[in-house]
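Right, one structure below, let's go through it.
Read the figures in this text as sums done on the coordinates, not as results from a lab. Since we're looking at a predicted model, the values are computed, not measured. With ideal geometry, Cβ positions are generated from the backbone for all residues, glycine too; neighbour counts draw on all protein chains shown.
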Amino acid sequence: MQKKANLVLEDGSVHPGYVLGSDKNAVGEVVFCTSMTGYQEMLTDPSYAGQILVPTFPLIGNYGINKQDFESAGIRVRGFVVREECTAPSHYLNQRTVQEYLAD
């Protein structure tokens, strides 16, 4: 069972959803990325440090997380808002799911 969460914006609007990874509260500027791939690079990109990132592509996690595609050591975003997470990634380099990576 997934834990419920809310994205609350500065104007007071509330967007319900579920936790993916860590269930800590996060505060930050909400930004978006229009790339169709590269979510692992997005998560570890220092330019997104302290921000809540929303990729515009609806499905995240289809090729998993691997050791080769990090932009830096560790997750830099403060939050990650996705439409749908793939729970069964398929790629020969895949080592774990996005959920598993974000939970560490």
Here are some residues: Met42, Met36, Met1. Which one is touching a helix residue (DSSP H, G or I) at 6+ places or on another chain (Cβ under 7 Å), hydrophobic (A, V, I, L, M, F, W, C) and within 20 Å of Thr97 (Cβ to Cβ)? Met42
Report yes if some residue within the range 87-97 is hydroxyl-bearing (Ser, Thr, Tyr) and without any contact (Cβ under 8 Å) to a residue 24 or more places away in the chain; otherwise report no. yes
Can you pull out the residues in the range 1-42 that are touching a Gly at 6+ places or on another chain (Cβ under 9 Å), touching a residue at least 12 places away in the same chain (Cβ under 8 Å) and part of a strand (DSSP E or B)? Lys4, Ala5, Leu7, Val30
If you go through Ile65, Ile60, the only one that is of a type outside the set (D, E, K, R) and in contact with an Asp or Glu (Cβ under 6 Å, 6 or more places away or on another chain) is Ile60
Filter the range 90-101 for residues that are polar (S, T, N, Q) and under 25 Å from Gly28 (Cβ atoms); the one that is surrounded by the fewest Cβ atoms within 10 Å (Cβ to Cβ) is Gln99
Checked the range 64-74 for anything surrounded by 18 or more Cβ atoms within 10 Å (Cβ to Cβ) and either under 25 Å from Pro16 (Cβ atoms) or out of contact with any Phe, Trp or Tyr (no Cβ under 7 Å at 6 or more places or on another chain) (or both); matches are Gly64
Quick check on Tyr101: is it on the phi < 0 side of the Ramachandran plot, part of a helix (DSSP H, G or I), out of contact with any Asp or Glu (no Cβ under 8 Å at 6 or more places or on another chain) and touching a residue at least 24 places away in the same chain (Cβ under 8 Å)? yes
Could you tell me whether Thr87 is assigned to a loop (DSSP other than H, G, I, E, B) and exposed (fewer than 12 other Cβ atoms within 10 Å of the Cβ)? yes
